[in-house]
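So the structure is just underneath, and the comments pick up after that.
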Amino acid sequence: MGPPPAQPQLGTPSGTYNVASSYYPANTHNPVPHPHGRSATYPVPGENITDYHGNYFQSSDTASVIAPSINSVVDDIEMRPRPDRTNTGTSVSPRTTKTKAVDLSAPPYTKEYIDQYRLRIKDDPDPEAHFLYAKYLIDAAKKIGANAKDQRSVKKYRDLLVQESLKVIRRLATQGEAYDEAQFFLANCYGTGMLGLQVDHERAYHLYLQAAKQNHPAACYRVAVCNEIGAGTKKEPDRASAFYRKAASLGDTAAMYKLGVILLHGTLAGPKNPREAIGWLQRAAEQADEENPHALHELALLYANPGSQVVPFDPAYARELFTRAGHLGYTHSQFKLGQCYEYGSLTCPIDPRRSIAWYTKAAEKGHGEAELALSGWYLTGSEGVLKQSDSEAYLWARRAANRGLSKAEYAVGYYAEVGIGVKQDVEFAKRWYMRSAGAHLHSIYRAG
């Protein structure tokens, strides 16, 4: 049944970065869609999720003037072709493509279109078509009536659309032949309180489990995470490990990475199996994307280690893996590449322009060590690449210090003591030195 006809800088320290933490499945939340909708409660494996807030300082224009030419260098870095993923395989064949009742490639968001869509979808037997309709209603609730004068009426109508979408999704998730995508989406809603629902981790876990029984890869991964951290259920390491393996076998990239790490380090009460671990990490690396670059970085660390007992030392391959992850936006790899080009390691030449470019990419996303590294570059400058600036040096160090980085706290103390980029103030410097010392002692205490 067809649709109704559609109606004819790289910045400075003053920039703000917000880490997305949402349970939305793909294409329903951030500009960069996430296949599983990670969140702080159900974290991305191997990454501590932190929400960085606020503009700490107003910066000069130095970085914004220099950065574009630096950034272009990173985009010109040559990389090997991505591996062919057509034969990576999973234990379950991809779902067959179904004919959609409505083409949502560019739907308008008007009341008339919604009414026509509702009538046309009413008798469609395809659960996927109804699920897409429900997601369309959610999108429409965000966009419809943006320029209307009577916003009170618009809000009321938007609330009705959200309620209708929830009704459709609940029906799909609980009917006789439940639709696994609806179960997964509704679980996300309960996990985060999305669409006005009250957070209920037990309901979320139950729905994830129901979808996992239908071999939904992302749901299997969520069940594993819930059993690992005890969200909505008790902690069961063995059960978590089993569901990570199931999700990985179904082709879930994050689960492949997680299972690889588990086998590499022998966590979740299981034995180490380095050989199998590398296999899963390599499969995850072949499928790496913006939301799942972790396996690339993990493998790079292994190949960059001369003393590794797991893989042969291969600095050139490690550099390639870091570069692929860096281009996917993974800040830890971007910082590592900044170091490589600063010091000439892992077959990288000493190249201040590329070093600064990679540090800038990571720093703009809130990587504290990259911010401190940029502080060092601004302190000295680089002829023909970066103009020396005491104020930028201080601002980048201060931004890193405000994230609790001990080395940055010490640097801010030093800048304040000497008067670099900030008015000389010995008492102010002492406070930062004390913060740095306290953080260092705390890290020693935690290390045992």
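Derivation of every value follows stated rules applied to the coordinates shown; laboratory data play no part. Not measured: the values here are computed from a predicted model. We place every Cβ from the backbone using ideal geometry, glycine too, and count neighbours over all the protein chains shown.
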Checklist entry - What is the gain in length, in nm to one decimal, between L119 and Q175 on full extension, counting 0.36 nm per residue of separation less the C-alpha to C-alpha distance? => result 18.1 nm
Checklist outcome for this item: Expressed in angstrom and ordered largest first, the alpha-carbon extents of the range 330-448 along the principal axes are 41, 38, 22
Checklist entry - Residue-wise, which Karplus ³J(HN,Hα) couplings in Hz belong to the range 158-174, taking 6.51 cos²θ - 1.76 cosθ + 1.60, θ = phi - 60°, and x for glycine or proline? => result 4, 4, 5, 5, 5, 5, 5, 5, 4, 4, 5, 5, 4, 4, 5, 7, 10
Next on the checklist: Cβ neighbours within 10 Å, averaged per peptide: list 388-401, 252-265 in order, most packed at the top.
Outcome noted: 252-265, 388-401
Item to check | In nm, spacing of pseudo-spin labels at D390 and V426 (7 Å Cα→C-beta vector) | outcome: 1.8 nm
Next on the checklist: Could you tell me how far the Cα centroid of the range 209-227 sits from the Cα centroid of the range 132-181, in Å?
Outcome noted: 25 Å
Checklist entry - Mean separation of Cα pairs under 8 Å and 6+ residues apart, divided by the residue count of the range 362-423: what relative contact order is that in percent? => result 28 percent
Checklist entry - Using 7 Å Cα-to-Cβ label points, what is the D289/H265 separation (nm, one decimal)? => result 2.6 nm
Item to check | Cross-link partners of K336 among lysines (Cα-Cα below 20 Å; sequence separation of 8 or more within a chain) | outcome: K361, K365, K407
Item to check | Computed lengthening from D150 to D238, 0.36 nm per intervening residue step minus Cα-Cα distance | outcome: 26.1 nm
Checklist entry - Tell me, what is the percent relative contact order of the range 297-343, built from C-alpha pairs under 8 Å that lie six or more residues apart? => result 29 percent
